[in-house]
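First comes the structure, then the notes that go with it.
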Amino acid sequence: MALLRIPVLLGLIVLAAGCSSLPRGAALRSEILQTQVADDPALRDFAVAPVTRALLPVYAAWPGHGGTRHSWIDRVDQPETRIIAPGDSIDITIWSTEENGLLTTPGQRFVALPQQRVGAGGTVFLPYVGTVKVSGMSPETARDRIEAEYVEVTPSAQVQLDFSEGRQNTVSLVSGVAKPGSYPLPDSDFTVLGLIAEGGGVAGSLRNPQIRLNRDGRLYGTSVERLLDNPRLDTTLKGGDKIHIEADDRKFLSLGAAGSESVHYFTEDRLDALEAMSIIGGVAENRADPGGILVLRRYAPKMVTPGPAGPDHARVVFTIDLTSADGLFSAGEFEILPGDLVYATESPVTSAQTIFSLLGTSLGLASRVGVGL
């Protein structure tokens, strides 16, 4: 019986020696951070950056912090008036009390001139007056200007003016709202939020809706959330602007002993590590090492620089310890960037428990074999 137990004991020894290769759902913190040659940090082909209160300002100053974002145009206050621009159409009616004037026939009190389109130079041609510049004026100012010209040839003339906006005085709301389309600028102080309201508001299905403004061949961007929080960002629109609203396409990945292993989209403009942990469902109970939360990030080669001005490697592993107060507070201030991998390492205790379980099963089996003999 004793001889038969020897192979079992030898098997247990081999089992314990090979515990590092036990099946696990995630790697240990030490396994990921170990060097490829010996155990010298200088030999790593990545940088290890602890997330602590003292180092947060250093990371925030690194190039590329905040992810890829578009610039935006601040609001410029304008008078709430409609402004005539090239391409607009003008309808002019001239009233006169003269019985036999230049513009009216006997018994006629007004004459409607053919519709005039404002030329590229901002002018229109009017009978008996000639070329008159009207662009850049409010309809009231343009009416006074035209009436003053006609009074020279018809002293009793009174002018009525209406105009309709051309393409240079309209903006396009392309997508992301209930009623996309082309909208005339009601005045020169019409803003992005005003246009969105005209279009029926932002579609409720959009995740953290992002606003994109195409102006003069350049693309600007911000979020609806930022616009609502800061009125100075409610940009004044110009004729020809194109606005479209889309879902936030920024995302990060979670793996390891996390609550979920998946791709996660940003739900708000700025996402910190604690919010990211909440999105992924925290860490797997009885498996994860809360002191070994890792955020793996790649930086562009041009951002790599020696010293505190930037990362000294293109690949950086940020380490977060959720078992300490400093780690928890710092995680709440550490920003997750698009493309980051949030990795929850496995607790060493889990491996030990697995070994003990296997040992217990093996010992029980050996005992039953011994009893049978």
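The values are calculated or read from the model by the stated rules, or taken from the named source; none is laboratory data. Keep in mind it's a predicted model, so treat the numbers as computed, not measured. Quick reminder, even Gly has a Cβ in these numbers, built from the backbone with ideal geometry, and neighbours come from all protein chains shown. The protein model used for the area step is the full one, side chains on, heavy atoms only, and it has no ligands, DNA or RNA in it. Shrake-Rupley method; radii C 1.70, N 1.55, O 1.52, S 1.80 Å.
Name the residue, out of 136, 107, that is part of a loop (DSSP other than H, G, I, E, B), touching a residue at least 40 places away in the same chain (Cβ under 8 Å) and open to solvent by 30 Å² or more (accessible area, probe 1.4 Å).
After ruling out the rest, the residue left standing is 136.
Within the range 198-209, track down each residue that is out of contact with any Leu (no Cβ under 8 Å at 6 or more places or on another chain) and either closer than 25 Å to residue 136 by Cα or open to solvent by less than 70 Å² (accessible area, probe 1.4 Å) (or both).
Hits for the range 198-209 are 200, 201, 202, 203, 206, 208, 209.
Any residue that is at pLDDT below 85, open to solvent by less than 60 Å² (accessible area, probe 1.4 Å) and part of a loop (DSSP other than H, G, I, E, B) - is there at least one of those in the range 35-47?
yes
Touching a residue at least 60 places away in the same chain (Cβ under 8 Å) and touching a His at 6+ places or on another chain (Cβ under 7 Å) - does that describe any residue in the range 234-248?
No, every residue in the range 234-248 fails to be touching a residue at least 60 places away in the same chain (Cβ under 8 Å) and touching a His at 6+ places or on another chain (Cβ under 7 Å).
Kindly provide the set of residues from the range 110-132 that are open to solvent by 30 Å² or more (accessible area, probe 1.4 Å) and either assigned to a helix (DSSP H, G or I) or within 20 Å of residue 185 (Cβ to Cβ) (or both), ordered by number.
Residues satisfying the conditions are 115, 116, 117, 120.
Which residue is least open to solvent (accessible area, probe 1.4 Å), if the candidates are limited to the range 154-190 and must be closer than 21 Å to residue 77 by Cβ and assigned to a strand (DSSP E or B)?
171
Anything in the range 223-257 that is part of a strand (DSSP E or B), touching a Leu at 6+ places or on another chain (Cβ under 9 Å) and crowded, with 20+ Cβ neighbours inside 10 Å? List them, or say none.
243, 245, 252, 254, 256
Between a first residue in the range 45-62 that is within 17 Å of residue 326 (Cβ to Cβ) and a second residue that is assigned to a loop (DSSP other than H, G, I, E, B) and of a type in the set (A, V, I, L, M, F, W, C), which pairs have beta carbons less than 6 Å apart while being 6 or more apart in sequence or on different chains?
51/334
Where residues in the range 274-301 are free of Cβ contacts under 8 Å to residues at least 40 places away in the same chain and over 15 Å from residue 348 (Cα atoms), which of them is least open to solvent (accessible area, probe 1.4 Å)?
It comes out as 282.
Out of the helices (runs of 4 or more DSSP H) lying entirely within the range 258-373, which hold 3 or more residues that are at pLDDT 90 or above?
273-279, 325-331
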